[in-house]
Amino acid sequence: MQDYNILTGWAGMILGALLGLLVAAGAVAVVGRNIAGFGDTMRMTSGIFVGGLGWAVLLGLVTGAIPAWSAMRLQIAVALGRK
């Protein structure tokens, strides 16, 4: 069960990062076409996309580490009794 939770968390993080990057790529394309003089220079290349995905995964891991560490150290009965 624990492996399933970890895989679900990873899948959610990657899916969220990809969705955010796709929305950003669309926004860059629309803004680049509609602002005079930026049509040729505003592009999201594959390198920028992969770099953004890497940053999103890194930030997800860093910001999730403290709550995960705290949850790991709690006893189940104490965690269920908290409000």
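The values are calculated or read from the model by the stated rules, or taken from the named source; none is laboratory data. Since we're looking at a predicted model, the values are computed, not measured. Glycine gets a Cβ as well: all are built from the backbone with ideal geometry, and neighbour counts include every protein chain shown.
Go through the stretch 17-56 and give me each residue that's of a type outside the set (A, V, I, L, M), surrounded by 13 or more Cβ atoms within 10 Å (Cβ to Cβ) and at pLDDT 80 or above. Step through it out loud before you land on a result.
Quick first cut of the stretch 17-56, residues of a type outside the set (A, V, I, L, M) only: 20, 26, 32-34, 37-41, 43, 45-47, 49, 51-52, 54-55.
From the residues that got through so far, the ones that are surrounded by 13 or more Cβ atoms within 10 Å (Cβ to Cβ) too are 20, 32, 38-39, 49, 52.
Within the stretch 17-56, Gly20, Phe49, Gly52 meet the criteria.
Please work out which one of (1) modelled with pLDDT of 75 or more; (2) in a helix (DSSP H, G or I) is the condition Ala79 fails and give its number.
Ala79 satisfies every listed condition except (1).
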